[in-house]
Amino acid sequence: MEINTHNAEILLSAANKSHYPQDELPEIALAGRSNVGKSSFINTMLNRKNLARTSGKPGKTQLLNFFNIDDKMRFVDVPGYGYARVSKKEREKWGRMIEEYLTTRENLRAVVSLVDLRHDPSADDVQMYEFLKYYEIPVIIVATKADKIPRGKWNKHESAIKKKLNFDPSDDFILFSSVTKAGMDQAWDAILEKI
Ligand SMILES: Nc1nc2c(ncn2[C@@H]2O[C@H](COP(=O)(O)OP(=O)(O)O)[C@@H](O)[C@H]2O)c(=O)[nH]1
Ligand SMILES: [Mg+2]
């Protein structure tokens with residue numbers, strides 16, 4: 001499929017099913033803990049400086065953000081997990097919103113699950129991966145901030161992450177940097193293969 005990735009815009013924000021777009025366009029959801037580089041990933045992939053806001057304020061009401069890409073597909077930005085400061089009630093609300101989207105959305109083709117290449121995955125990262133595997137949702141692991149690790153150490157960090165996640169080798173694993181754009185073409189290839 002030919003997609004003009006420069007032709008992208010925010011379409012709508014949704015709290016639940018009744019607000020989702022009503023059509024058949026394929027969707028790729030982006031998940032990851034806050035600050036992992038999710039907004040930067042979206043901006044980099046869509047050649048934009050500030051389409052997805054970077055470093056949004058923690059704790060504010062968070063919604064699913066749908067981005068229209070050339071009227072052919074969408075990115076769905078899932079609010080980041082792992083804010084220490086949100087209440088139990090907010091966390092539960094967040095959980096229900098994500099679960100509803102991930103388990104019932106027919107348009108969903110794959111989830112890009114972002115982790116920080118520098119660190120071992122958090123308990124939340126592991127839980128998200130296990131959740132996606134359990135529901136048999138195709139996963140693309142994107143390890144962000146690769147520019148902050150010398151290339152000679154990429155393998156070591158990749159192996160540590162895979163081990164902690166109990167990574168399924170049939171999933172994609174991509175080293176990515178929104179600073180150098182390393183991994184961008186690979187990420188697009190993986191995404192286009194899923195839609
Ligand atoms: N060096 C480097 N910094 C990054 C990268 N991706 C994101 N950041 C920085 O990490 C912080 C959080 O990024 P953001 O995209 O807002 O994360 P989000 O909360 O997951 O949406 C910001 O200061 C970004 O500039 C990357 O690939 N390399
Ligand atoms: Mg963000």
Rounded to the nearest 0.05, what FRET efficiency do GLU99 and VAL179 give with R0 = 35 Å and r taken as the Cβ-Cβ distance? Could you check?
0.60
Sort the following peptides by mean Cβ neighbour count (other Cβ atoms within 10 Å, averaged over residues), highest first: 18-29, 122-133, 103-114.
103-114, 122-133, 18-29
Could you work out the relative contact order of segment 12-148, using alpha carbon pairs under 8 angstrom and six or more residues apart, expressed as a whole percent?
31 percent
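Give the shape of segment 86-141 as rounded, prolate or oblate, defined through the alpha-carbon gyration tensor: a ≥ b ≥ c are the square roots of its eigenvalues, a/c under 1.5 means rounded, and otherwise the shape is prolate if a/b is larger than b/c and oblate if not.
Because a/c hits 1.5 or more and a/b fails to exceed b/c, segment 86-141 counts as oblate.
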Testing the spin-label approximation: label points 7 Å from Cα along Cα→Cβ at GLU130 and MET1. State their distance in nm.
3.3 nm
What number, rounded to the nearest 500 deg cm²/dmol, is the helix-based mean residue ellipticity at 222 nm of the chain, given -39500 (n - 2.57) per DSSP H run of at least four residues and division by all its residues?
-9500 deg cm²/dmol
Mind running the shape call on segment 46-155? Use the C-alpha gyration tensor, a ≥ b ≥ c as the square roots of the eigenvalues: rounded below 1.5 for a/c, prolate if a/b tops b/c, oblate otherwise.
rounded
Antiparallel versus total DSSP beta bridges in the chain: what percent is that, nearest 5?
35 percent
Can you tell me the length gained on complete extension of the stretch GLN186 to ALA15, counting 0.36 nm per residue apart and subtracting the Cα distance?
58.5 nm
Any chance you could check the Cα centroid distance between segment 16-52 and segment 112-149 for me, in angstrom?
16 Å
Label-to-label distance, nm, for residues given as ASP168 and LYS89 (7 Å Cα→Cβ offset):
3.7 nm
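Taken together, the values in this text are just the output of simple stated rules run on the coordinates, not laboratory data. As the structure is a prediction and not an experimental result, all values here were calculated from the model. Glycine gets a Cβ as well: all are built from the backbone with ideal geometry, and neighbour counts include every protein chain shown.
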